[in-house]
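Heads up, the thing below is written out as structure tokens.
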Amino acid sequence: MKYRVTHTTTFIYEARVGLCYNLARLRPRVLPHQKVSSAILQIDPVPHDHCSDIDYFGNRTDYFSIQQPHDQLAVTAVSDILVSLPESGLFDRTDPSPWETVRQQLRRDCSPAGIKAFEFALDSPMVAADRLLADYARPSFPDGRPLTEAVQDLMQRIYTEFSYDPGFSSLATPLGEVLEHRSGVCQDFAHLAIGCLRAQGLAARYVSGYIETDPPPGKEKLVGADASHAWFAVFHPGYGWLDFDPTNNQRPGERHITVAWGRDYADVTPLKGVAYGSGEHELKVAVDVQRIE
């Protein structure tokens, strides 16, 4: 599938800002199943300086500053991406490796991939494994159950037992509240699954990106009505990273577009920075995922 993704973030300031520094992760990753033919960042006002780099997790990043007074900041990323079925989507879900064996392999794996993956088994700023998460995960992880079957079950339980409610949570909502109220959004569900997996001694990472959505029956798709999406991946020493989408209860495939990954949302924030000024600001985000020929 070939897509054009347009992601626009606009900050409207109550009082004029004289200086701001920003970090963006808005350009999709180049992956074996994902080819990026074009990824352009449009910034208004034109930045004083702008440089691109690759961060610690391999994500494409842009640093820029605006050093003249401005009333608003608009950042638009326009990307053309060709997505095919990920190899993990072809992985046999009946793999017999018990999840405990995978956990032991992770601890003994001294390969570069294994050493790097172990970092994702540890607590991170927004996801700390605790007793509540371990208790919630336990029914999905009986002794001897194959890893993929256990993670599939965890994904399905989150999908069926939690309500998608954009008005319930914010970036500051603790996972304990998400678990207690059984509500949240894709970011919360990804963090919840990651915490559950880490509580079992497994390595799990947060993946940010987009998903192609369909309009309601009989309605035309509205431009800018899409949104950023999030899911998670678990590490299998024999197969690498395997992705799961608890918001939609499915394995990510050709309709999922990967932008960045890290330990949790804090590692992959699409746009963040510091602005020097006074007053409040209004934030507007518009995302359009369009399939193109």
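The values are calculated or read from the model by the stated rules, or taken from the named source; none is laboratory data. All of these numbers come straight from a predicted model, not from anything done at the bench. Every residue, glycine among them, receives a Cβ derived from its backbone with ideal geometry; neighbour counts consider all protein chains shown. Note: areas computed on protein heavy atoms with side chains; ligands, DNA, RNA excluded. Shrake-Rupley method; radii C 1.70, N 1.55, O 1.52, S 1.80 Å.
Return yes or no: is residue 68 part of a strand (DSSP E or B), farther than 30 Å from residue 242 by Cα and among the polar types (S, T, N, Q)? In short, no.
Exactly one residue out of 90, 82 is of a type in the set (A, V, I, L, M, F, W, C), surrounded by fewer than 17 Cβ atoms within 10 Å (Cβ to Cβ), modelled with pLDDT under 95 and more than 22 Å from residue 264 (Cβ to Cβ), and it is 90.
Taking the listed residues 106, 192, 133, the one that is under 19 Å from the mean Cα position of the chain (by Cα) and in a helix (DSSP H, G or I) is 192, with no other qualifying. So, residue 122, is that one open to solvent by 60 Å² or more (accessible area, probe 1.4 Å), of a type in the set (A, V, I, L, M) and touching a Gly at 6+ places or on another chain (Cβ under 7 Å) or not? Answer is no for this residue. Of the residues screened, residue 56 is not one that is modelled with pLDDT of 95 or more, closer than 15 Å to residue 271 by Cβ and out of contact with any Leu (no Cβ under 9 Å at 6 or more places or on another chain). Within the stretch 228-248, being of a type in the set (Val, Ile, Thr) and surrounded by 23 or more Cβ atoms within 10 Å (Cβ to Cβ) holds for one residue alone: 234. With respect to the conditions (1) surrounded by fewer than 17 Cβ atoms within 10 Å (Cβ to Cβ); (2) assigned to a helix (DSSP H, G or I), residue 179 falls short on a single one, namely (1).
Please determine, by comparing only the residues of the stretch 249-292 that are within 21 Å of residue 61 (Cβ to Cβ) and of a type in the set (Ser, Thr, Tyr), which one is most open to solvent (accessible area, probe 1.4 Å). Among those that are within 21 Å of residue 61 (Cβ to Cβ) and of a type in the set (Ser, Thr, Tyr), it is 265.
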